[in-house]
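The values are calculated or read from the model by the stated rules, or taken from the named source; none is laboratory data. Keep in mind it's a predicted model, so treat the numbers as computed, not measured. Don't worry about glycine lacking a Cβ; one is built from the backbone with ideal geometry, like all the others, and counts go over all protein chains shown.
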């Protein structure tokens, strides 16, 4: 039997059904450990500093914020705050905390702790979150359960900011006592607490017994394996050593999707990302907008989507589907090489030009880079591909004199257009180092429009303003707009109560394991075998 | 006098006779000839452009590479490119790189080996310590460092970085062997006679020593060629070879590795090509060594 299976794998015939089926319980089963992995590693557990997707997995499980997004939605819902009120002029927010809140060590949680976290984000040099609070004029905690925040100007996206993990309450004396070790000694009021962190290898979170909303947590523990490459992740998943696997490599995804029995367990979700090629509009030849438009016409987005196994939608701009203010009626640039050549000739490049494309070292980036290289070669633009490690790539493109033509990616922090348009294209975001506006695009008309839209209270008027902003960026084309990727994740059939969240990636806090005998967090694969 | 100087080279008919009698060398020779033919004539005979991404027809509806068929003899790769066309193009790339790298290594190795062997004394010691120094570094480490440095220079986008890397690393063995032979010859009677007749050192090295080490150099070159083929694949696999979209066997292996279960032909085709080429050049090299051996008196 085992030999037969091995032979099947060798000749490429997929295994028929998931080997570890669900037990079929109706009500959630309590207990068990859910195991997942990442190809990167967790950098820090300090919410005031954490600003990357991987560190967010554990941070969001350890820390609750005043407000958060409802399950499966981008709607703001109460969390540590029971309710809140916004003054009629839109500048004063009053949050009322739930009674009897405690941290995972049992100490009391008061409104002043949120005020402390916000001031810490503003003053800590290593915190990237200061700019998010630039509009905050005053923070006060009149009582232990009441927090008042006064803004200088109305801001439609402020509640979204308050759902970001850096606003989670922290106890000042704990932070002071932990000192440098705060990145390893988190104290939060979320559903899980840190049990063990063997850095770079595995991070284990245990259920927080004092959690205020304990009824929604069923797992005993979460186990995050770090530095597991995509293909190894899938092998471990197949062996039953992981309960979920995401960002499958193309061949693994094709393998799973080819098996009808597996299809219900392949979860796809739209996330707030955008991919393309970002151009430094200060550098030649990209200072000419006809060149940038030409490259947009040269890219065949249908090919890109096919190379991503269909798990993407073509983009016309930076705003992903589902984000407020996106103009869904605006069609992406069509594939029109003749028009591209005409525009290049008009701009003074009848024979094209040579250019270096800087991208990251990753199979997918490599495949798409070569496809782009081929598309651009058809209109006379000769591309040389240079691959960089992710960290050096980020540093390089943030410099005004860095590479002019580079992979562009952006992941929004919250589902509001400000998290995309302002962050990437407002001239205020241009800096000499680590510039967020890495196209170095400055357009006073767009700046004024974005500033006005941020403070606009009428949703219809606000949406119309963002439609205009999208149109400006479509025409000016500081990016080759390419696609918004759908994230795919495959789970074992017994993983229940989990649906990918549009904002929080890999939030398993309410998941449960539908197995006859819940497994405890043993490390031996023998323990993990289960019933079959 | 002249006939004696180029004595080794004039013995080619005997060399050929010996090679033809050696079955291993014959097989190696056939493989090498086939490979050269493939690299030179092949591209003109191929139906597909090795760099053309045919995403519409070269991939299945789901976006998967297509298995071997009448149109694509060895199937298509992850970008819908024809694997057979890429194997042929890769043969050209690999042979070009290995040839240039071997030539560079031979030139360096001969020059340094002859100098050290003929001059002896302090020059010899200094040059041989240089050889030790280069040999002391692990191959991959130096190769990756050099290739990365040269990539940073303006040479990126050409095959120059990998050729220079392989050449600069590959000369050491050649230099050592040549130095040993040159030392023996430099102390031989006919060299002493030439010196007595007033020949300059340059003339002695060029006319008396070099012809006598030529045979060894040819053998080392053939074996080094096989090593360079393999090293080129290794460096290309690590992303330090010719830049995309150029087809190279090492890079094809790298790009095909994640498809080994669903589309094994992408990695198998260049893998087999590498094995065939390396075995071919090794067999030929060993045949050459055996054929030249009796004269060498090892």
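Inspection of region B:114-121 finds no residue satisfying the criterion of being within 14 Å of residue B:241 (Cα to Cα), more than 14 Å from chain A (Cβ to nearest Cβ), assigned to a helix (DSSP H, G or I) and modelled with pLDDT under 85.
What residue, of A:141, A:121, is part of a helix (DSSP H, G or I) and either over 28 Å from residue A:501 (Cβ atoms) or out of contact with any strand residue (DSSP E or B) (no Cβ under 9 Å at 6 or more places or on another chain) (or both)?
A:121 is the lone residue from the list that is part of a helix (DSSP H, G or I) and either over 28 Å from residue A:501 (Cβ atoms) or out of contact with any strand residue (DSSP E or B) (no Cβ under 9 Å at 6 or more places or on another chain) (or both).
Within region B:58-75, track down each residue that is free of Cβ contacts under 8 Å to residues at least 60 places away in the same chain, within 13 Å of chain A (Cβ to nearest Cβ) and within 15 Å of residue B:269 (Cα to Cα).
B:66
If you take the residues in region B:22-49 that are modelled with pLDDT of 75 or more and exposed (fewer than 12 other Cβ atoms within 10 Å of the Cβ), which one is nearest to the chain's Cα centre (by Cα)? In this case the residue turns out to be B:37.
Do the conditions hold for residue A:194, that is, is it part of a loop (DSSP other than H, G, I, E, B), at pLDDT 95 or above, touching a helix residue (DSSP H, G or I) at 6+ places or on another chain (Cβ under 9 Å) and farther than 30 Å from residue A:466 by Cβ? Here the answer is no, as residue A:194 does not meet what is asked. Taken over region A:358-375, the criterion of being free of Cβ contacts under 8 Å to residues at least 40 places away in the same chain and more than 8 Å from chain B (Cβ to nearest Cβ) is satisfied by A:362 alone.
Among the residues of region B:254-292, not one is within 14 Å of another protein chain (Cβ to nearest Cβ) and over 24 Å from residue B:75 (Cα atoms).
Which of the residues that make up region A:4-38 are at pLDDT 60 or above and under 30 Å from residue B:67 (Cα atoms)?
A:17, A:18, A:19
Residues in region A:411-441 that are over 23 Å from residue A:455 (Cβ atoms) and under 16 Å from the mean Cα position of the chain (by Cα): A:411 alone.
When each of A:298, A:311, A:270 is tested for being touching a strand residue (DSSP E or B) at 6+ places or on another chain (Cβ under 6 Å), under 30 Å from residue B:65 (Cβ atoms) and within 14 Å of chain B (Cβ to nearest Cβ), the lone residue that passes is A:311.
Taking region A:92-105 as the range and being surrounded by 18 or more Cβ atoms within 10 Å (Cβ to Cβ) and outside any strand (DSSP E or B) as the test, the residues that pass are A:101, A:103, A:104.
With the structure loaded, tell me whether residue A:134 is surrounded by fewer than 22 Cβ atoms within 10 Å (Cβ to Cβ) and touching a strand residue (DSSP E or B) at 6+ places or on another chain (Cβ under 7 Å) or whether it fails that test. Please lay out each step first, then the result.
Values: surrounded by fewer than 22 Cβ atoms within 10 Å (Cβ to Cβ): yes; touching a strand residue (DSSP E or B) at 6+ places or on another chain (Cβ under 7 Å): no.
Judged against the criteria, residue A:134 is not a match.
Which helices (runs of 4 or more DSSP H) sit wholly inside region A:417-492 and have at least 3 residues that are over 30 Å from residue A:90 (Cα atoms), at pLDDT below 90 and not assigned by TED's automatic domain parsing to the domain that holds residue A:259? Helices (runs of 4 or more DSSP H) meeting the threshold: none at all.
For the structure I just gave you, tell me whether residue A:342 is in contact with a strand residue (DSSP E or B) (Cβ under 8 Å, 6 or more places away or on another chain), away from every other protein chain (no Cβ under 12 Å) and surrounded by fewer than 22 Cβ atoms within 10 Å (Cβ to Cβ). Criteria not met by residue A:342.
For residues in region A:221-249 being part of a loop (DSSP other than H, G, I, E, B), touching a strand residue (DSSP E or B) at 6+ places or on another chain (Cβ under 8 Å) and within 14 Å of another protein chain (Cβ to nearest Cβ), which is surrounded by the fewest Cβ atoms within 10 Å (Cβ to Cβ)? Steps first, please.
The first filter runs over region A:221-249 and keeps only residues part of a loop (DSSP other than H, G, I, E, B), leaving A:226-229, A:239-243, A:247-249.
Subset that is touching a strand residue (DSSP E or B) at 6+ places or on another chain (Cβ under 8 Å): A:226, A:228, A:241-243, A:247-248.
With within 14 Å of another protein chain (Cβ to nearest Cβ) added as a condition, the list becomes A:247-248.
Working: A:247: 18, A:248: 23.
Per the criteria, the residue is A:247.
Step by step: first the residues of region A:348-357, then only those that are more than 12 Å from chain B (Cβ to nearest Cβ) and crowded, with 17+ Cβ neighbours inside 10 Å, then the one that is farthest from the chain's Cα centre (by Cα). Which residue is that? Steps first, please.
The initial filter retains those residues of region A:348-357 that are more than 12 Å from chain B (Cβ to nearest Cβ), namely A:348-353.
Adding the requirement that they be crowded, with 17+ Cβ neighbours inside 10 Å leaves A:349, A:352.
Working: A:349: 38, A:352: 36 Å.
Of everything passing the filter in region A:348-357, A:349 is farthest from the chain's Cα centre (by Cα).
Is it the case that residue B:98 is under 25 Å from residue B:246 (Cβ atoms), touching a residue at least 24 places away in the same chain (Cβ under 8 Å), away from chain A (no Cβ under 14 Å) and outside any helix (DSSP H, G or I)? Criteria not met by residue B:98. Considering only residues in region A:60-85 that are more than 20 Å from residue A:188 (Cα to Cα), in contact with a strand residue (DSSP E or B) (Cβ under 7 Å, 6 or more places away or on another chain) and surrounded by 15 or more Cβ atoms within 10 Å (Cβ to Cβ), the one that is modelled with the lowest pLDDT turns out to be A:76.
The set of residues in region A:395-413 being assigned to a strand (DSSP E or B) and crowded, with 21+ Cβ neighbours inside 10 Å consists of A:405, A:406, A:407, A:408. In the set (1) within 13 Å of chain A (Cβ to nearest Cβ); (2) out of contact with any strand residue (DSSP E or B) (no Cβ under 7 Å at 6 or more places or on another chain), residue B:244 fails one condition alone, (2). Within region A:258-269, residues that are at negative phi sit with their Cβ atoms under 6 Å from residues that are assigned to a helix (DSSP H, G or I) and at pLDDT 85 or above, at 6+ positions apart or across chains, in these pairs: A:262/A:256; A:266/A:256. Reported count of residues in region A:293-332, each being assigned to a loop (DSSP other than H, G, I, E, B) and more than 18 Å from residue B:55 (Cβ to Cβ), is 17. Would you check which residues across region A:250-270 are modelled with pLDDT under 85 and surrounded by 19 or more Cβ atoms within 10 Å (Cβ to Cβ) and list them? Hits for region A:250-270 are A:250, A:251, A:254, A:255, A:257. Could you tell me whether region B:279-286 includes any residue that is surrounded by fewer than 23 Cβ atoms within 10 Å (Cβ to Cβ), within 30 Å of residue A:371 (Cα to Cα) and at pLDDT 85 or above? No, because not a single residue in region B:279-286 is surrounded by fewer than 23 Cβ atoms within 10 Å (Cβ to Cβ), within 30 Å of residue A:371 (Cα to Cα) and at pLDDT 85 or above.
The residue that is nearest to the other protein chains (Cβ to nearest Cβ), among those in region A:376-389 that are surrounded by 14 or more Cβ atoms within 10 Å (Cβ to Cβ) and under 23 Å from the mean Cα position of the chain (by Cα), is A:387.
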